[in-house]
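What follows is a single structure, written as structure tokens, with notes after it.
The values are calculated or read from the model by the stated rules, or taken from the named source; none is laboratory data. Values in this document were obtained by computation on a predicted structure and should not be read as measured data. Neighbour counts run over all protein chains shown; Cβ positions are idealised from the backbone, glycine included. These area figures cover heavy atoms from the full protein model, side chains too; ligands, DNA and RNA do not enter into them. Shrake-Rupley method; radii C 1.70, N 1.55, O 1.52, S 1.80 Å.
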Amino acid sequence: MNTTFGMKFDTLAVHAGAEVDPQTGAVAPPIHLSTTFRHGPAGERVEDLEYQREDHPTQRRLQEALAALEGGERALAFASGMAAISAMLESLPAHSRVVIPDDCYSGLRNLATDFLPERGIETVAVDLSEPEALRAACARGVALVWAETPSNPRMKICDIAALARIAHEHGALLACDNTFATPVLQRPLALGADVVMHSTTKYFGGHSDVLGGALVFARADERFERVLHRRHVTGATLAPFSAWLILRGCRSLPARMRMHCANARKLADFLAAHPAIERVNYPGLESHPGHAVAARQMRDFGGMLSIEVRGGREAALRVAGNLKLFINATSLGGCESLVEHRASVEGAHPVSPQNLLRLSVGLEDVEDLIADLRQALT
Ligand SMILES: *Cc1c(COP(=O)(O)O)cnc(C)c1O
């Protein structure tokens with residue numbers, strides 16, 4: 001049912017998985033809440049669905065859209081981004097080694113320290129902004145390289161094509177967390193990655209009101225089948241209404257990303273010139289060490305940035321507390337701008353610098369956002 005072949009990206013975002021309902025002519029997709037689907041007396045499939053934990057019509061539409069947008073053969077939706085990450089990592093055989101980025105989403109780090117060792121999966125944290133560091137780590141044998149670019153929260157950039165080459169030379173797969181960039185800005189599968197992961201809770205959902213995750217596979221191969229089987233059995237499937245909301249988010253994703261990017265770029269310029277700021281981590285700034293790679297592999301630089309405030313932890317907390325429009329909250333990718341002192345929410349062993357604040361730049365008028373930061377920094 002590939003009616004979307006050959007469409008340009010923004011058209012795909014609107015039309016992928018959006019077939020008019022053949023029964024009613026409804027243009028917006030119906031939501032089917034049924035947990036079970038009729039089968040024959042000996043369990044023969046009648047329609048092509050059986051039980052909601054395995055699949056349901058809205059999740060199917062979403063998966064079709066995600067595969068089209070990332071340019072993969074198949075996509076799997078999950079109940080959250082972490083469910084997607086753990087499905088992928090826990091599908092590896094015991095005694096596998098996995099490379100993860102030194103700067104990454106804290107949930108991945110927690111999975112790596114608290115759960116993967118019990119399964120005999122060893123993780124090594126590597127600075128993946130240096131491809132040669134990956135080569136060194138691969139020398140001891142690696143099953144999977146997990147990249148995240150831009151990374152959370154330091155906005156490190158890694159060269160996806162270079163990492164894919166090195167991983168493949170060593171017989172490893174490359175998976176890429178594309179949550180910050182979204183396929184609007186960056187398509188890792190086209191650069192050689194084997195799997196893309198999303199927390200669809202963020203930009204895909206786009207309104208801070210739905211939790212979800214996804215894996216998109218370049219090939220519908222054995223690995224895909226294994227992860228699919230795992231989701232069927234363990235049940236980290238996406239609920240129908242959540243799938244529906246995330247699918248709706250796809251339609252406006254390119255338009256929203258343009259404004260997130262434009263606002264973030266203006267904020268980055270303002271902050272880079274502000275005397276109270278020691279450092280701005282935004283790949284769109286020419287001073288960013290990953291700028292050249294980001295300019296090559298991304299269409300624009302995204303709506304996330306982090307700042308390191310002069311004066312350390314106390315100064316950073318004062319700025320976060322002074323902000324009026326930016327809301328102090330975790331998560332990202334919604335319409336409203338958010339700020340978070342990451343070190344405070346990273347548990348007993350924070351890894352983010354104590355003077356770092358992460359900003360999720362929303363869709364407000366950028367003049368208001370700049371005014372809010374200006375008053376908070378004085
Ligand atoms: C939020 C996030 C996740 C985890 O996703 P959840 O939907 O919260 O489970 C993973 N990676 C990145 C980069 C994220 O921002």
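The set of residues in segment 270-284 being surrounded by fewer than 23 Cβ atoms within 10 Å (Cβ to Cβ) and in contact with a Gly (Cβ under 9 Å, 6 or more places away or on another chain) consists of Ala276, Glu278, Gly284. Checking each residue in segment 286-341 for being out of contact with any Gly (no Cβ under 6 Å at 6 or more places or on another chain) and among the aromatic types (Phe, Trp, Tyr) picks out only Phe326.
Restricting attention to segment 2-34 and to residues that are under 22 Å from Ser80 (Cα atoms) and touching a His at 6+ places or on another chain (Cβ under 8 Å), the residue that is surrounded by the fewest Cβ atoms within 10 Å (Cβ to Cβ) turns out to be Ser34. Which members of segment 35-72 meet the condition of being in a loop (DSSP other than H, G, I, E, B), surrounded by 17 or more Cβ atoms within 10 Å (Cβ to Cβ) and under 19 Å from the mean Cα position of the chain (by Cα)? The answer is Gly72, and nothing else. Within segment 329-351, the residues that satisfy the criterion of being of a type outside the set (Lys, Arg), open to solvent by less than 50 Å² (accessible area, probe 1.4 Å) and at pLDDT 95 or above are Ala329, Ser331, Leu332, Gly333, Gly334, Cys335, Ser337, Leu338, Val339, Glu340, His341, Ala343. Just one of the listed residues (Leu189, Leu173, Leu211) is under 18 Å from Ala294 (Cα atoms), in contact (Cβ under 8 Å) with a residue 12 or more places away in the chain and open to solvent by 10 Å² or more (accessible area, probe 1.4 Å), namely Leu189.
How many of the residues in segment 322-335 are more than 16 Å from the ligand (Cβ to nearest atom) and touching a residue at least 24 places away in the same chain (Cβ under 8 Å)?
Residues that pass the stated criteria total 6.
Cβ-Cβ under 7 Å, sequence separation 6+ or interchain: first residue in segment 71-90 and assigned by TED's automatic domain parsing to the domain that holds Leu108, partner open to solvent by 10 Å² or more (accessible area, probe 1.4 Å) and among the charged types (D, E, K, R). Which pairs? That search, which allows pairs on different chains as well, returns Gly71/Arg187; Glu73/Arg219; Ala87/Arg230; Glu90/Arg119.
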